[in-house]
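Quick one: this structure, given as structure tokens, is what I'll be asking you about.
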Amino acid sequence: MRYLIIADVHANLEALETVLTAAEGSWDRALVLGDLVGYGASPNEVIDAICALKPAAIIRGNHDKAACGLEDGSNFNHVARAAATWTSEILTPDNRAYLRELPSGPAAIDDRVEICHGAPFDEDHYIFDADDAVRGLSAASRPVCLFAHTHLPVVFHYENEMFDGYVPDVTDRHPVEVQTDSRYLINVGSVGQPRDGDPRAAYGIYDSDQPTVFLYRVAYPVDGAQRRILAAGLPASLANRLAVGR
Ligand code: ZN
């Protein structure tokens, strides 16, 4: 089985459509790791497109909770809060209900893989450093835990009591072969708001037969997403950051 891995789309329809076109024919089921909305200007279109994928598993992110009123966004900075307020006002009743029903992570996919938004021990926790990664690796219920939330592609790995972490060099595709007796925490990066200095959309494919997790990057029409953000009256910084991937 080949799973498409989509995370942190953040209402960026141009990025999502480009990823779906690039990945067409190379996956069987979709995994969605949360933050469908927030920041970007196409929340309804993105929710509709993700629903149409009929994901094998989908979990919520912190921006999904804020947009549908499950959280008040008081821990957001003012730009994120402005975007959450705008999103909550433009969501259709059906899409608001869809976000409210999204389960929290982690969610097990098969015997080898689980997904979460932030961390396997807390859906809202950011895994940035080795301490958090080691905690996440021991909390995970499966040897491979796919996570999101930071918008930064990274591979943490634990084998023979040795821990390492690296930023994958994804020119266009980077394979992570899953070894037996090893544990992994893998972030494939963000579809709709990359923050590693590479503005290209990031996504992944988990091929359970190999077994390998592939990380991908693909350029998308950033200017289209930017125009929509500005036309919606969202903060200009949300458009500007897409051009630099920060
Ligand atoms: Zn996010």
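Just so you know, all these numbers are worked out from the coordinates, no wet-lab data involved. Owing to the predicted nature of the structure, the values given are computational and were not obtained by experimental measurement. Cβ coordinates were reconstructed from backbone atoms using ideal geometry, including for glycine residues, and neighbour counts include every protein chain displayed.
At 0.36 nm per residue, and after removing the present C-alpha to C-alpha distance, how many nm does the segment from S182 to A219 gain when stretched out fully?
Computed gain between S182 and A219 is 10.1 nm.
Between T21 and A139, what is the spin-label point distance in nm, taking each point 7 Å from the Cα along the Cα→C-beta axis?
So the label points at T21 and A139 sit 3.9 nm apart.
Looking at the chain, what % of its DSSP beta bridges pair antiparallel, to the nearest 5?
Taking every DSSP beta bridge with both residues in the chain, the antiparallel ones total about 70 percent.
A further question follows. Extending each Cα 7 Å along its Cβ direction at E101 and E159, get the distance between those two points in nm, one decimal.
4.2
Report the paramagnetic label zone for A108: residues of segment 133-177 whose backbone N is under 13 Å from a point 7 Å from Cα along the Cα-to-Cβ axis.
The answer is 140-144, whose backbone nitrogens lie closer than 13 Å to the label point.
What number, in percent, do you get for the relative contact order of the chain if the mean sequence gap of Cα pairs under 8 Å and at least 6 apart is divided by its residue count?
22
What is the distance, in nm, between label points placed 7 Å from the Cα along the Cα-to-Cβ direction at D209 and at R173?
1.4
Could you compute how fast segment 1-95 diffuses translationally, taking Rh as the Kirkwood radius over C-alpha pairs and applying Stokes-Einstein at 37 °C with viscosity 0.692 mPa s? Give it in µm² per second.
243
Using Cα centres only, tell me the gap between segment 178-242 and segment 80-158 in whole Å.
Spelled out, the Cα-based centre of one part sits 14 Å from the other.
Now for a separate question. Given charges of +1 on the Cβ of Lys and Arg and -1 on the Cβ of Asp and Glu, with all other atoms neutral, how large is the dipole of the chain about its Cα centre, in debye to the nearest 20?
Dipole about the Cα centre, nearest 20: 660 debye.
Same structure again: Normalise the Cα radius of gyration of the chain by 2.2 N^0.38 Å (N = residues in it) and let me know the number.
In units of the globular-protein estimate, the chain measures up at 0.94.
Follow-up. Which residue, Y98, A239, H151, has the largest displacement toward the positive end of the dipole of the chain when charges sit on each Cβ (Lys, Arg +1; Asp, Glu -1)?
Checking the options against the dipole of the chain, the answer is A239.
Another question, then. Quickly estimate the mean residue ellipticity at 222 nm for the chain, helices only: each DSSP H run with n ≥ 4 gives -39500 (n - 2.57), and the total goes over all residues, rounded to 500.
That comes out to -9000 deg cm²/dmol.
Fewest Cβ neighbours within 10 Å first, please rank I186, I5 accordingly.
I186, I5
Helix 13-23 sits at what angle to the longest principal axis of the chain, using alpha carbons and giving 0 to 90 degrees rounded to 10?
Between the helix axis and the principal axis of the chain, the angle is about 30 degrees.
Next question, about the same structure. Once the Cβ-Cβ distance between D72 and A52 is put in as r, and R0 is 25 Å, what FRET efficiency do you end up with, to the nearest 0.05?
0.25
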